[in-house]
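So the structure is just underneath, and the comments pick up after that.
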Amino acid sequence: MLKTRIITSLFLIPSFFAALFLLPSMVWAGLLLGISIIALYEWAQMIKLGKIATQLYLLATIVSGTIILWFANQFGSHWLVYRSLDLFIIASVFWLLAVPFLLCKNKRIKHPLINVIIGWLLVLPLWLSLVCLRIADPWLLLGLTATVWIADSAAYFAGKQFGKHKLAPTISPGKTWEGVLGGLFAVTIYGCVLAAYFALPVLVTLLILWVMTILSVVGDLFESMMKRQSNLKDSGNILPGHGGILDRIDGLTSSLPIAVLMIYIYSLLHAA
């Protein structure tokens, strides 16, 4: 398993960097739309959506995404960012208010339409935030996504070394409060470096990164809850040794859209 994970990572990491820095913006957006469709397919399997319903679900997403890209190509990146803000706000409310409530209840959502909408809230805001950040600055995108990876890695090692108090034992028994604090500590150090590199105020940078870190845990717990309720170990098997697409992006689905929203609000206040 470890060997398979390493081989997959050795393929994914260079591919990600090549796509991030070499592909034209619209090609990048189209590639990510394709990956998003795979993630939605995994979600449809997780919520046990029927075959025909799944096909319609994915088709509606493909058509909607293609229309968005066509308008973005016609009217430019500013149009895309502006039109994405409403979805970022809705996603932020979902992750800050609705998901914590669902995690506390730890009950399966049975209504198919609600599950379908949740799938869109997981995938589409992340897709648009990755597209908008790539247009703004590929290095900024890399810096923000690295926040989740650093927090996750630090939380793992801190939890393994110091973990005693379970965070959500019925949802994800391996997660501890000590792990979360370890992730926040690592991100604080990383945030100071990131602020210096991008010449940003340290406190603003840390606030954004702390919110990202906490919400990445929320996203991870939410997917763990959904998988546990569906009796699944992984969301899929497209990435050997790593599971599915949703398994790799769960922390980003919950954290990156609100980070983009916070950066946009800061830029407006800074310009005023």
Practice item. Please go through the range 1-48 and pick out each residue that is in a loop (DSSP other than H, G, I, E, B) and either at positive phi or of a type in the set (A, V, I, L, M) (or both). Key: M1, L23, I47, K48
Point to revise | Candidate set: the range 2-14, residues that are under 19 Å from the mean Cα position of the chain (by Cα) and surrounded by 11 or more Cβ atoms within 10 Å (Cβ to Cβ); chosen: the one farthest from T66 (Cα to Cα) | key: S9
Point to revise | Selection status of G183, more than 19 Å from D250 (Cβ to Cβ) and either crowded, with 18+ Cβ neighbours inside 10 Å or charged (D, E, K, R) (or both) | key: no
Revision key, fill the gap. In the range 205-255, anything closer than 17 Å to L32 by Cα and not in a helix (DSSP H, G or I) is listed as I238, L239, G244
Review point. Would you pick out the residues in the range 47-80 that are farther than 22 Å from Y264 by Cα and among the aliphatic types (A, V, I, L, M)?
Key: I47, L49, I52, A53, L56, L58, L59, A60, I62, V63, I67
Check your understanding: Is it the case that some residue within the range 42-60 is of a type in the set (V, I, T) and touching a residue at least 24 places away in the same chain (Cβ under 8 Å)?
Key -> yes
Check your understanding: Mind checking which residues of the range 231-272 are under 12 Å from E42 (Cα atoms), small (G, A, S) and modelled with pLDDT of 85 or more?
Key -> S235, G244
Check your understanding: Out of the range 55-111, which residues are in a helix (DSSP H, G or I) and among the small types (G, A, S)?
Key -> A60, S64, G65, A72, S77, S84, A91, S92, A98
Check your understanding: So which residues in the range 72-98 are modelled with pLDDT of 95 or more and β-branched (V, I, T), if there are any at all?
Key -> I89, I90, V93
Check your understanding: What are the residue pairs meeting all of these: first residue in the range 76-98, first residue free of Cβ contacts under 8 Å to residues at least 24 places away in the same chain, second residue assigned to a helix (DSSP H, G or I) and small (G, A, S), Cβ atoms under 7 Å, and 6 or more apart or on different chains?
Key -> W79/A72
Check your understanding: Taking the condition among the aliphatic types (A, V, I, L, M), closer than 21 Å to S9 by Cβ and surrounded by fewer than 19 Cβ atoms within 10 Å (Cβ to Cβ), does L207 pass?
Key -> no
Check your understanding: Can S224 be described as buried (at least 19 other Cβ atoms within 10 Å of the Cβ), on the phi < 0 side of the Ramachandran plot and modelled with pLDDT under 90?
Key -> no
Revision key, fill the gap. In the set I13, I6, the lone residue that is closer than 24 Å to E223 by Cα and in contact (Cβ under 8 Å) with a residue 40 or more places away in the chain is I6
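The values are calculated or read from the model by the stated rules, or taken from the named source; none is laboratory data. What you see is a predicted model; the values in this text were computed from it and never measured. Here the Cβ is made from the backbone with ideal geometry for all residues, glycine too, and neighbour counts use every protein chain on show.
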